[in-house]
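Novice: Following this message is one structure expressed as structure tokens.
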Amino acid sequence: MVRRRRQATGPETRAASVQKALGRWHEALEHLRGSLLEFRRIGHPVYESRMLMNMGEALVALGEIEEARSCLRQILALADTAHPGALETAQQLLDSLKDPR
């Protein structure tokens, strides 16, 4: 018997994934924000960091660079409690965004 890892996802997260795959960034962001609030409410930093990563990517696609930077910095602030892949990816994406200053 193969055991599947239980995902802490709900309708908002699944809807965000669909909208993101379709390139509907504004709609994806709405769902991601809802998911982010829920994961923060229940205290799940791993999924919080995943939502922030997805939000950062969507915001970059929309040209909202400052807000994307904010999401990426929030991932880094979660440090060891964040999803392991999210820390490295967030830092790489943050480094790739040129600071206008």
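Only the coordinates and a few stated rules stand behind these numbers; no lab work does. Only a predicted model underlies this, so the values are computations on that prediction, with no experimental measurement involved. Quick reminder, even Gly has a Cβ in these numbers, built from the backbone with ideal geometry, and neighbours come from all protein chains shown.
Novice: Quick check on my filter: what residues within segment 49-64 are assigned to a helix (DSSP H, G or I) and out of contact with any His (no Cβ under 9 Å at 6 or more places or on another chain)?
Specialist: Residues satisfying the conditions are Met51, Leu52, Asn54, Met55, Gly56, Glu57, Leu59, Val60, Ala61.
Novice: Right, here's the next one. Any residue that is on the phi > 0 side of the Ramachandran plot, loosely packed, with under 13 Cβ neighbours inside 10 Å and among the hydrophobic types (A, V, I, L, M, F, W, C) - is there at least one of those in segment 67-83?
Specialist: yes
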